[in-house]
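Undergrad: Dropping the structure in here first, questions after.
The values are calculated or read from the model by the stated rules, or taken from the named source; none is laboratory data. Just so it is clear, the model here is predicted, and its values are computed rather than measured. Here the Cβ positions follow ideal geometry from the backbone for every residue, glycine too, while neighbour counts run over all protein chains shown. Calculation scope for accessible area: heavy atoms of the full protein, side chains included, ligands and nucleic acids excluded. Shrake-Rupley method; radii C 1.70, N 1.55, O 1.52, S 1.80 Å.
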Amino acid sequence: MSLVPLRAGNRRSLIERKHMGRVSDAKQRLMEAVRDLIWAGSYGSTTIDQICEKAGVKKGSFYYFFDSKADLALTAIEGEWKTRRAELDSIFSPTVPPLERIRNYCEYGYRFQAEIKAKFGVVLGCPLFSLGAEVSTQENRLQKKIQEILDYKRKYLETAIRDAQAAGLVHAPDVPAKARILFAYFQGLLTDARIQNNLEVLREAEHGTLEILGVKEVEPVPA
């Protein structure tokens with residue numbers, strides 16, 4: 001009989017065979033729990049015990065799915081991004097006029113933060129900004145994944161700005177640079193809203209965005 005410890009993947013395979021035919025939501029609950037805990041608190045202060053307690057999952061079961069807290073956080077981030085990316089694909093659809101895309105993005109940000117405040121009682125800002133700032137020098141895999149997602153999000157803005165520039169609606173001779181500036185502005189607003197615990201900070205987003213872009217005229221409404 002082998003006494004070699006089972007790796008996480010092998011443990012998962014054994015559990016899946018043992019419970020074949022029975023669907024478990026334990027993994028999803030763990031992912032939701034870690035997102036909530038590190039967003040409302042911090043990555044460093046969140047323990048596996050706390051995650052398991054919030055998810056209603058035994059600690060032993062945690063290791064059937066994940067090797068570590070970092071492994072769980074990475075999986076949770078990837079899962080959440082799939083949902084957000086679908087929403088952003090709709091907001092930034094090329095069928096929508098470029099400035100309208102950006103206005104809708106500002107409104108989306110406010111609405112999302114309002115929903116979060118209703119759930120947690122406080123403004124939490126962007127989870128990627130908060131987590132990224134905390135773990136950037138500690139957890140290399142998490143840092144790389146967060147940077148990858150943020151770069152992808154910035155590309156949405158870049159495409160909208162490029163289309164607006166082509167239509168003569170904004171002043172953006174260097175589109176990538178303008179997108180970076182605008183994205184940094186959003187980061188600042190979301191962080192400030194969290195610090196102040198004040199949703200109204202985000203109401204400045206549309207006006208500030210149009211100022212940064214040097215909007216020349218009102219975008220015509222399609223016939």
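Undergrad: Quantify how much of the Cα-Cα distance distribution of segment 158-208 extends past 13 Å, in percent.
TA: Working: 775 of 1275 pairs.
Percent of Cα pairs beyond 13 Å in segment 158-208: 61.
Undergrad: Where q = 0.13, 0.27, 0.29 Å⁻¹, what log10 of I(q)/I(0) comes from the Debye formula for segment 94-150, counting one point per Cα?
TA: The Cα Debye sum returns log10 ratios of -0.50, -0.95, -1.00.
Undergrad: Let me ask something additional. Calculate how steeply helix 26-40 sits against the longest principal axis of the alpha-carbon atoms of the chain, using the helix alpha-carbon long axis, and give the answer as 0 to 90 degrees to the nearest 10.
TA: 50 degrees
Undergrad: When the accessible area of segment 84-223 is split by element with a 1.4 Å probe, what percent falls to carbon and sulfur?
TA: 53 percent
Undergrad: Which label marks the calculated value of Rg and Dmax of the Cα atoms in Å, given the options [x] 20.9, 77; [y] 20.7, 83; [z] 16.5, 49?
TA: Calculated Rg and Dmax of the Cα atoms in Å: the matching label is [x].
Undergrad: Give the cross-link partners of Lys153 among the lysines, using a straight C-alpha distance below 27 Å as the criterion and excluding same-chain residues fewer than 8 apart.
TA: Output for Lys153: Lys27, Lys69, Lys82, Lys117, Lys119, Lys144, Lys145, Lys178, Lys216.
Undergrad: Accessible area per residue of the chain at 1.4 Å probe, in Å²? Can you show the working numbers first?
TA: Values: 12560 Å² over 223 residues.
Value returned for the chain: 56 Å² of accessible area per residue.
Undergrad: Go through 165-175, 120-130 and give me the packing order, highest mean Cβ count within 10 Å leading.
TA: Values: 165-175: 15.7, 120-130: 17.5.
Output ranking for 165-175, 120-130: 120-130, 165-175.
Undergrad: Something else about it: Using the Cα atoms of segment 137-223, I'd like the radius of gyration and the largest Cα-Cα distance, Dmax, both in angstrom.
TA: Over segment 137-223's Cα set, Rg and Dmax evaluate to 15.3, 53 Å.
Undergrad: Okay, moving on. Test of understanding: extend the Cα→C-beta vector of Asn198 to 7 Å, then name every residue of segment 100-119 with backbone N under 12 Å from that spot.
TA: Nothing falls inside the zone, counting backbone N under 12 Å.
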